[in-house]
Amino acid sequence: MSRHLTENLKGTVREAASMAPLAPSEEVNTLAPRRLVASLFRQSRLILGLTTLGVLITGFIALSTPNTYRSRGTFLYTTGSESVQVDPMLGGGAEGEAILGNATYVFQADGLLERVIEQPGMMQKLLRPTTTVDNAFLKITQWQTPEDIDFESEEARDAAIKVLRSSLELSKPRNTDVLEVAYTAGDPKLAQEILNVYMQQAREWHLSVYNDEARLELVESKAKQVDGDLAAAKQAHESFLRELQLHDFQIALATAVENAREEQRRLRDVEGNIARLESHIEQLSESLETIKPVIETEMAVPQPDPLKVRLEDDIAVREAKLVVLNTRILEPLARKNNAEYKSTVDEIAALKERLDEHLKTVKNVGTVQRVEVVNPEHTETNTALMKARLDLRGHRSELPFVTSASEESTARLVLLERKQAEYRDLEQAVARLSAEKERTDMQLSQALRKRELAKGAFSSLQQIDEASKPLEKDGPNRTKLVLMGFFGGLFAALGLVLLRTMGDTTVRSREDLDRLAGVAVLGTFPRLDGRNLRRHRNLREQST
Amino acid sequence: MSELLFDKDGKVVKGRRVDVVSTEMGYLWANLLNRGFLNNQKSLGFCSIEDDEGAASTALNLALFLGAKGRRVVFVEADMHRATAAKQFKLSDSPGLAEFLAGQASIVDVVRPQVAGGVDLVPAGRSEDPFWSFTGGGFGKVIERLGGSYDVCFVSVPPLNRAPESTLVVRTLDASVLVVGANRHRSEVVAQQTAHLRALGTPFLGAVLNEMVHDVPPLIAKLT
């Protein structure tokens with residue numbers, strides 16, 4: 001029993017039982033397979049149309065693209081770290097994977113391509129290719145080329161180089177030193193001819209680059225010139241320093257700045273001291289005039305005491321004698337035992353005792369008298385004044401020397417600052433010329449190395465295989481193109497159908513009406529055309 | 001089985017088409033009865049959303065089908081914008097419903113008896129302003145009077161989206177059915193119109209899908 005029949009019966013039973021219609025399908029938001037298939041059949045014209053369009057477009061491309069034939073030739077790079085270089089003047093070593101990059105640069109260089117197009121008949125072959133095969137497709141594209149081309153014009157040369165560059169292909173099989181060159185053209189013989197000319201010109205051009213004496217001379221003369229310039233710059237630098245009597249300009253400049261600063265500070269100090277002392281001296285002089293040199297004072301003058309004086313003299317004499325005895329008798333024990341020492345000591349003691357008693361009994365009050373003494377303040381002021389004058393004299397004598405030193409240091413600083421720009425220029429010139437010397441030395445060593453290689457007529461590029469004659473066409477693959485167009489159009493159409501179906505909520509069938517909530521489907525009437533009627537009848541028969 | 005049936009364009013259906021249409025009419029009538037029509041309903045309106053969906057032809061074909069079965073059926077053409085029923089039966093279109101509603105003719109004048117076996121016809125007539133024809137309440141009287149004389153009354157209702165008088169017509173009837181043209185409307189539109197019909201208060205019995213196209217061959221349809 002088909003699914004369609006089952007659904008029909010379900011609907012009919014529900015209707016008969018006066019039951020509510022079926023709930024909306026759970027597949028409302030999904031794309032039912034049946035719906036998709038129906039959509040595919042409904043939009044079959046679209047699918048057919050797009051597929052046909054794809055086939056037509058690719059068919060047109062396939063028909064309008066002429067056959068291409070590829071001719072191949074082979075170069076060999078000989079091994080060796082020196083010999084691998086295609087062009088030593090380019091600097092650096094081309095090794096391993098870099099060989100292809102360098103080779104591509106060299107083999108597509110404008111110089112080489114121009115040599116190729118200058119060969120007799122090449123312009124015509126490139127811009128107006130003829131065909132030796134029955135190539136109808138090539139004839140189709142002939143109409144695009146202008147009838148009259150001026151082969152001498154700049155535009156024609158550029159166009160020829162463009163054709164040559166776009167048709168050439170370079171490849172390097174892995175782990176080999178072989179370089180494969182291929183040329184693609186619309187005619188097999190033409191491809192072979194052009195490639196042969198190209199390979200021949202590539203070898204000749206490569207050799208000419210190797211044997212370039214003129215370039216070596218140029219590098220040598222440049223190196224010599226740079227050497228001379230550098231020596232002159234260094235000489236000028238040394239003269240400059242010598243003239244200024246310096247070893248190092250920067251250090252000298254820094255020192256001059258410091259010195260000038262220091263001398264100026266000293267000068268300021270000295271001048272400041274002089275001013276200060278002059279002011280101080282003036283003050284002291286003024287105050288000295290107001291201070292009296294002597295002053296009167298009351299003083300107690302003691303009465304003369306002859307006994308006291310006599311006793312003190314006696315004591316002094318005996319003490320002097322004792323001093324002499326002390327120097328004579330060094331041992332303390334010996335002194336104790338010496339009669340003269342003992343008697344002297346006893347006499348001193350007795351005299352002192354007698355003096356004490358005398359002083360106790362006699363009270364020498366003395367008399368108070370008015371006497372004139374020197375004013376200490378005056379003395380002090382005078383002393384200060386003299387000192388100040390002395391200092392001032394000292395500073396005044398120092399001033400000319402300090403002034404002169406400051407002027408000298410300032411003049412030196414000004415000179416050095418004026419010369420600074422000149423010094424900087426000389427320094428930079430030396431640095432620049434030193435760097436340039438390094439570069440030219442490197443170029444010279446490479447040029448010399450290259451000359452050594454060229455002496456042996458050694459070329460790293462050797463042709464091992466001539467340009468091959470293509471035996472079959474290289475492209476286009478018309479079948480593949482048409483198939484691509486077919487499947488491309490088909491999938492595009494299917495995609496479009498899918499997109500349109502996903503968003504399509506049009507009521508087309510009983511199921512679509514069934515999905516509407518609360519809508520009972522009472523009947524379905526087909527469109528009354530032959531095929532539709534047959535299908536409707538078949539479906540009805542299947543369901544009964 | 002009635003041999004007189006019409007297609008959507010008003011042409012007589014012939015040959016095997018007659019069988020198919022008749023069969024489907026049978027299914028339609030069975031479903032209508034299952035939905036309770038004729039229990040206490042006599043007048044049924046066939047509505048459509050837009051012109052040319054086959055509501056009138058479906059109503060007429062059902063009338064012819066039932067008439068051939070011995071029922072006494074009257075078909076009322078309420079769509080005055082596209083009055084074709086009289087022409088189909090090669091009758092004069094006036095006087096018709098419009099003249100009756102305008103008070104210019106009697107019910108007897110407007111009914112065309114026995115246009116086919118068991119089927120009487122009330123053509124639309126001619127009206128300059130169909131909408132105002134239905135505002136007087138006269139249509140209700142027509143239905144009432146016809147209901148007494150016939151077993152069943154089918155009315156072709158003007159399109160819901162084109163004629164404002166369609167709601168006036170539907171509200172006067174006992175039940176309504178929506179005829180949907182296949183491949184014409186989105187489900188949202190159909191759902192909206194069924195909701196609109198329900199809101200009028202007249203029992204909505206269901207929908208009929210017309211002009212359905214079977215895109216998929218039966219063999220492939222069987223597989224899916």
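A short reminder: the numbers here are calculations on the coordinates, not readings from a lab. Please read all numbers here as calculations on a predicted model, not as lab measurements. Glycine gets a Cβ as well: all are built from the backbone with ideal geometry, and neighbour counts include every protein chain shown.
Over chain B, what is the percentage of antiparallel beta bridges among all DSSP beta bridges, to the nearest 5? Before the final figure, lay out the partial values.
Working: 3 of 27 bridges.
Roughly 10 percent of the beta bridges in chain B run antiparallel, per DSSP.
Report, in degrees rounded to the nearest 10, the 0 to 90 angle that the Cα long axis of helix B:138-149 makes with the longest principal axis of chain B.
For B:138-149 against chain B, the angle is about 70 degrees.
Which angle from 0 to 90°, rounded to the nearest 10, does the C-alpha axis of helix B:16-34 make with the longest principal axis of chain B?
Relative to chain B, helix B:16-34 is tipped by roughly 70 degrees.
Which order do peptides A:307-319, A:473-485 fall in by mean Cβ count within 10 Å, highest first? Walk me through the numbers before you get to the answer.
On the way: A:307-319: 14.2, A:473-485: 15.7.
Top of the packing list down: A:473-485, A:307-319.
Under 5 Å between amide hydrogens, which residues at least 5 positions from B:GLY206 or on another chain qualify, with H placed 1.01 Å from N in the peptide plane?
B:LEU178
Have a look at the DSSP beta bridges in the protein assembly as shown and tell me what percent are antiparallel, nearest 5. Could the numbers behind the result be given before it?
On the way: 29 of 57 bridges.
Restricted to the protein assembly as shown, the bridges split so that about 50 percent are antiparallel.
Sort largest first and round to whole Å: the equivalent ellipsoid semi-axes of the protein assembly as shown, each the square root of five times a Cα gyration tensor eigenvalue.
Values: eigenvalues 3524, 860, 165 Å².
Each semi-axis is √(5λ); the values are 133, 66, 29 Å.
So what's the net charge close to A:ASP465: Lys and Arg +1, Asp and Glu -1, counting the other residues with Cβ under 11 Å from its Cβ?
Numbers: positive: A:ARG72; negative: A:GLU180, A:GLU466.
My count for the surroundings of A:ASP465 gives -1.
Under a cut-off of 21 Å between alpha-carbon atoms, report the lysines in cross-link reach of B:LYS69, not counting same-chain residues fewer than 8 places apart.
B:LYS14, B:LYS42
Under 5 Å between amide H atoms, partner at least 5 residues away or on a different chain: which partners does A:GLN463 have, H built in plane at 1.01 Å?
A:LEU76
What are the ³J(HN,Hα) values, in whole Hz, obtained from phi via the Karplus relation 6.51 cos²θ - 1.76 cosθ + 1.60 with θ = phi - 60°, for each residue of the stretch A:39-56 in sequence order, with x given for Gly and Pro?
My calculation for the stretch A:39-56 gives 5, 5, 5, 5, 9, 4, 5, 4, 4, 5, x, 5, 4, 4, 4, x, 5, 5 Hz in order.
Which aspartates and glutamates, on any chain, are close to A:LYS224 with Cα under 14 Å apart, when same-chain ones fewer than 8 places away are left out?
Hits, sequence-local ones excluded: A:GLU436, A:GLU438, A:ASP441.
Ranked highest first by the average count of other Cβ atoms within 10 Å around their residues, in what order do B:169-177, A:337-345, A:508-516 fall? Spell out each step's value before the answer.
Details: B:169-177: 23.1, A:337-345: 13.7, A:508-516: 21.6.
Output ranking for B:169-177, A:337-345, A:508-516: B:169-177, A:508-516, A:337-345.
Just tell me how shielded B:7-19 is by partners: mean number of partner chain Cβ atoms within 10 Å of each residue's Cβ, no decimals. Mind dumping the intermediate values first?
Values: counts 3, 3, 1, 0, 1, 0, 1, 1, 2, 5, 5, 1, 2.
Neighbouring Cβ atoms belonging to other protein chains average 2 per residue here.
Using a 10 Å cut-off on Cβ to Cβ distances, tally the other chain neighbours for every residue of B:191-200 and report the average as a whole number.
Numbers: counts 8, 0, 1, 5, 4, 0, 0, 1, 0, 0.
Whole-number average of other-chain Cβ neighbours for B:191-200 is 2.
So what's the net charge close to A:MET299: Lys and Arg +1, Asp and Glu -1, counting the other residues with Cβ under 12 Å from its Cβ? The partial results should precede the final answer.
Working: positive: A:ARG370; negative: A:GLU296, A:GLU298, A:GLU372.
With Lys, Arg at +1 and Asp, Glu at -1, the neighbours total -2.
Which of the trypsin sites (Lys or Arg not before Pro) found in the stretch B:43-137 are in a DSSP loop and have at most 10 neighbouring Cβ atoms, other than their own, within 10 Å?
Numbers: sites: B:LYS69, B:ARG71, B:ARG72, B:ARG82, B:LYS87, B:LYS90, B:ARG126; in loops: B:LYS69, B:ARG71, B:ARG72, B:ARG82, B:LYS90, B:ARG126.
Taking the stretch B:43-137 and a limit of 10 other Cβ atoms within 10 Å, the loop trypsin sites (Lys or Arg not before Pro) found are B:LYS90.
Mind running the shape call on the stretch A:280-392? Use the C-alpha gyration tensor, a ≥ b ≥ c as the square roots of the eigenvalues: rounded below 1.5 for a/c, prolate if a/b tops b/c, oblate otherwise.
Note, shape of the stretch A:280-392 comes out oblate.
So what's the back-of-envelope 222 nm ellipticity for the protein assembly as shown, counting only DSSP H runs of four-plus at -39500 (n - 2.57) apiece and dividing by all residues, rounded to 500?
On the way: 28 runs with 452 residues, N = 768.
Value at 222 nm, helices only: -19500 deg cm²/dmol.
Inside 10 Å of the C-beta atoms of A:501-512, what's the mean count of C-beta atoms belonging to other chains? Provide the component values of the computation, followed by the final result.
Values: counts 0, 0, 0, 2, 7, 8, 15, 10, 8, 4, 0, 8.
Average per residue, whole number: 5.
Ranked highest first by average number of other Cβ atoms within 10 Å, how do B:104-112, B:157-165, A:533-541 line up?
Values: B:104-112: 15.8, B:157-165: 20.2, A:533-541: 17.6.
Ranked by mean Cβ neighbours within 10 Å, highest first: B:157-165, A:533-541, B:104-112.
Relative to the Cα centre, what is the charge dipole magnitude of the stretch A:209-328, using +1 at the beta carbon of each Lys and Arg, -1 at the beta carbon of each Asp and Glu, and rounding to the nearest 20 debye? If you can, show how the numbers build up before the last one.
Details: 16 positive and 25 negative charges, 124 e Å.
With Lys and Arg at +1 and Asp and Glu at -1, about 600 debye.
Kindly write out, for the stretch B:76-82 in residue order, the coupling ³J(HN,Hα) from the Karplus curve 6.51 cos²θ - 1.76 cosθ + 1.60 (θ = phi - 60°), rounded to whole Hz, with x marking Gly and Pro.
With coefficients 6.51, -1.76 and 1.60, one gets 9, 8, 8, 8, 7, 6, 10 Hz.
Quick check: convex hull of the Cα atoms in chain B, volume per residue, rounded to a whole Å³? It would help to have the intermediate numbers written out before the result.
Details: hull volume 27.6 nm³, N = 224.
Cα-based convex hull of chain B, divided per residue, equals 123 Å³.
Which of the lysines could a cross-linker span from A:LYS189 if the Cα-Cα distance has to be under 17 Å and same-chain partners fewer than 8 positions apart are dropped?
A:LYS125, A:LYS139, A:LYS469, A:LYS473
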